[in-house]
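Peer 1: Right, I'll just put the structure down here and ask away after.
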Amino acid sequence: EIGALKIDENGFEHVFDTFVKPPISLPEKIISITKITDDMLINAPTIDKVIDDFIEFIGNATIIAHNAEFDVPWLLLESKKHNLDVKSNSVICTFKWAQALKEGRSSLGALAKKYKIGHLNSHRALADSGATKELFFIFENMQTIPRPVQKLSHYQNIAEKITRKRSQTITIPD
């Protein structure tokens with residue numbers, strides 16, 4: 001599932017929200033976390049049908065994610081796989097921001113509860129995007145520490161490590 005919110009220069013919010021049909025059946029752990037089932041994905045497009053639209057949706061906007069070290073490398077890997085260029089976006093990770101603020105618990109769920117952010121469908125892409133947006137504005141309004149901005153290249157390094165790890169062969173001793 002891909003869900004994202006974008007606020008334009010006039011303050012209007014735009015939504016990108018779609019299921020994505022995976023190449024395999026969903027593991028039970030994913031079903032229990034997200035409440036998404038294989039039946040819900042029967043008519044969903046495959047990633048190759050939506051990734052171009054998603055990259056276009058992002059454009060040159062600053063990417064804000066909770067746990068960007070998971071989401072952004074995925075975006076970069078899928079973009080590369082489909083020969084698409086992600087702009088040189090800056091990235092702000094609200095998870096890292098929470099840690100820098102010395103939050104006791106930095107999960108999106110814990111922070112949403114602490115700051116009374118409505119987050120009914122946690123672990124669903126659009127709901128998590130909405131909670132992350134609210135958390136960004138809460139942290140921004142605190143003005144206690146600067147935004148933790150990273151260049152996209154930081155996440156490119158993580159994506160390359162993932163690629164190397166995936167390509168390593170596992171040898172089983174005799």
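The values are calculated or read from the model by the stated rules, or taken from the named source; none is laboratory data. All values derive from a computational prediction rather than experimental measurement. All Cβ positions, glycine included, derive from the backbone under ideal geometry; neighbour counts span all protein chains shown. Surface areas here come from the heavy atoms of the whole protein model, side chains and all, with no ligands, DNA or RNA. Shrake-Rupley method; radii C 1.70, N 1.55, O 1.52, S 1.80 Å.
Peer 1: For the cross-link pairs K114/K161; K81/K161; K21/K81, which exceed 27 Å when the distance is taken from alpha carbon to alpha carbon?
Peer 2: Values: K114/K161 34 Å; K81/K161 15 Å; K21/K81 17 Å.
Among K114/K161; K81/K161; K21/K81, the Cα-Cα distance tops 27 Å for K114/K161.
Peer 1: Oh, and also: Could you please state how large a percent of the accessible area of the chain is carbon and sulfur, counting protein chains only and using a 1.4 Å probe? Mind dumping the intermediate values first?
Peer 2: Values: 6030 of 11480 Å².
Heavy-atom surface of the chain belonging to carbon and sulfur, 1.4 Å probe: 53 percent.
Peer 1: Which whole-number percentage describes the relative contact order of region 10-146, with Cα contacts under 8 Å and a sequence gap of 6 or more? All intermediate terms of the calculation are to be shown ahead of the outcome.
Peer 2: Numbers: 123 pairs, mean separation 28.5, N = 137.
Averaging sequence separation for qualifying contacts and normalising by length gives 21 percent for region 10-146.
Peer 1: Once a ≥ b ≥ c are taken as the square roots of the eigenvalues of the Cα gyration tensor of the chain, is the result rounded (a/c under 1.5), prolate (a/b larger than b/c) or oblate (a/b not larger than b/c)? Don't skip to the answer; put the middle values down first.
Peer 2: Details: a/c = 1.40, a/b = 1.32, b/c = 1.06.
Because its axes are fairly even, with a/c under 1.5, the chain counts as rounded.
Peer 1: Further, regarding this structure: Determine ³J(HN,Hα), in whole Hz, for all residues of region 18-25 in sequence, where each value follows from phi through the Karplus function 6.51 cos²θ - 1.76 cosθ + 1.60 and θ = phi - 60°; x replaces Gly and Pro.
Peer 2: Coupling constants for region 18-25: 7, 6, 10, 6, x, x, 10, 5 Hz.
Peer 1: For the chain, modelled as a GNM with alpha-carbon contacts under 10 angstrom, which of P27, P73, P148 fluctuates the most?
Peer 2: P27
Peer 1: Separate question: Sort out the exposed loop trypsin sites (Lys or Arg not before Pro) in the chain (DSSP loop, at most 15 other Cβ within 10 Å) and tell me the longest stretch that has none.
Peer 2: On the way: sites that count: K35, K87, K102, R105, K116.
Free of exposed loop sites, the longest segment is 117-174.
Peer 1: With a cap of 11 neighbouring Cβ atoms within 10 Å, and only residues DSSP puts in a loop, list the chymotrypsin sites (Phe, Trp or Tyr not before Pro) found in region 1-32.
Peer 2: Working: sites: F12, F16, F19; in loops: F12, F19.
Qualifying residues, ordered by number: F12.
Peer 1: Of the candidates I58, I30, I158, which one comes out as most mobile in a Gaussian network treatment of the chain with C-alpha springs shorter than 10 Å?
Peer 2: I30
Peer 1: Quick one: Karplus J couplings for region 80-89, per residue in order, coefficients 6.51, -1.76, 1.60, θ = phi - 60°, nearest Hz, x for Gly and Pro?
Peer 2: Running phi through 6.51 cos²θ - 1.76 cosθ + 1.60 with θ = phi - 60° gives 5, 4, 9, 6, 10, 9, 8, 4, 7, 5 Hz.
Peer 1: Same structure, new question: Beyond 24 Å between alpha-carbons counts as too far, so tell me which of K80/K102; K96/K151; K49/K96 fall in that bin. Don't jump to the answer; show the numbers that get you there.
Peer 2: Values: K80/K102 35 Å; K96/K151 14 Å; K49/K96 32 Å.
Check vs 24 Å cut-off fails for K80/K102; K49/K96.
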